[in-house]
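One structure is given here, and the rest of the page talks about it.
The values are calculated or read from the model by the stated rules, or taken from the named source; none is laboratory data. In this text, all values refer to a predicted model and were calculated from it rather than measured experimentally. We place every Cβ from the backbone using ideal geometry, glycine too, and count neighbours over all the protein chains shown.
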Amino acid sequence: MSSNSESAQLSEQELRIAANQFSNELKAVASKIGELELQLDEHNLVIKNMSPMAEDRKCFRLINGVLVERTVKEVLPALKTNQEGIASTIEQLTQQYKAKDKEFSEFRVKHHIRIASA
């Protein structure tokens, strides 16, 4: 009987570990989404401010820690491309988050797990 109880406890411990792993994965994806949204906001602000400027106006861009002199005409398309890439990545991560959240909800229902609020 003791081994049966030990087996049930191990299973409970495994469920707790799996639930924590789901939770940590969701937090990591949400954190990355937040970080990318901040970058997207910065890109939007820079693009908004640079758009009305003359194309031959000098501007500086930081590339891998090196400040490079360019023109608005050269930098603006690169910023817009980066902006689109960031938005696409946010969309993919959001879909990934929703799928993982749904999987976690199904896992909780299947194993009758309730999350205690701290």
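Identify all residues within segment 88-100 that are among the small types (Gly, Ala, Ser) and either farther than 16 Å from residue 44 by Cα or surrounded by 15 or more Cβ atoms within 10 Å (Cβ to Cβ) (or both); write none if there are none.
Of everything in segment 88-100, just one residue is among the small types (Gly, Ala, Ser) and either farther than 16 Å from residue 44 by Cα or surrounded by 15 or more Cβ atoms within 10 Å (Cβ to Cβ) (or both), namely 99.
Show the residue pairs that are 6+ apart or on different chains and have beta-carbon atoms under 8 Å apart, the first residue being within segment 27-51 and within 14 Å of residue 90 (Cα to Cα), the second being modelled with pLDDT of 95 or more and small (Gly, Ala, Ser).
Taking only residues 6 or more apart or on different chains, the pairs are 40/87.
Select from segment 19-49 the residues that are among the charged types (D, E, K, R), over 18 Å from residue 77 (Cβ atoms) and over 13 Å from the mean Cα position of the chain (by Cα) and list them in ascending order.
Passing the criteria: only 41.
Among the numbered conditions (1) surrounded by fewer than 11 Cβ atoms within 10 Å (Cβ to Cβ); (2) not in a helix (DSSP H, G or I), tell me where residue 77 comes up short.
Going through the list (1) surrounded by fewer than 11 Cβ atoms within 10 Å (Cβ to Cβ); (2) not in a helix (DSSP H, G or I), residue 77 breaks only (2).
Surrounded by 12 or more Cβ atoms within 10 Å (Cβ to Cβ), assigned to a helix (DSSP H, G or I) and not polar (S, T, N, Q): is that true of residue 29 in this structure?
yes
Within segment 54-74, how many residues turn out to be closer than 30 Å to residue 34 by Cβ and either in contact with a Pro (Cβ under 6 Å, 6 or more places away or on another chain) or part of a loop (DSSP other than H, G, I, E, B) (or both)?
Final tally of qualifying residues: 2.
State yes or no: is residue 43 out of contact with any strand residue (DSSP E or B) (no Cβ under 7 Å at 6 or more places or on another chain) and surrounded by 13 or more Cβ atoms within 10 Å (Cβ to Cβ)?
Against the criterion (out of contact with any strand residue (DSSP E or B) (no Cβ under 7 Å at 6 or more places or on another chain) and surrounded by 13 or more Cβ atoms within 10 Å (Cβ to Cβ)), residue 43 qualifies.
Return yes when residue 117 is in a helix (DSSP H, G or I) and within 25 Å of the chain's Cα centre (by Cα) and no when it is not.
no
Filter segment 87-118 for residues that are of a type outside the set (Ser, Thr, Tyr), without any contact (Cβ under 8 Å) to a residue 60 or more places away in the chain and more than 18 Å from residue 28 (Cβ to Cβ) and give the result.
If the condition is that a residue be of a type outside the set (Ser, Thr, Tyr), without any contact (Cβ under 8 Å) to a residue 60 or more places away in the chain and more than 18 Å from residue 28 (Cβ to Cβ), then 87, 106, 109, 110, 112, 114, 116, 118 are the ones that fit.
Test each condition in (1) more than 18 Å from the chain's Cα centre (by Cα); (2) closer than 27 Å to residue 49 by Cβ for residue 89 and report the one that comes out false.
For residue 89, the exception is condition (1).
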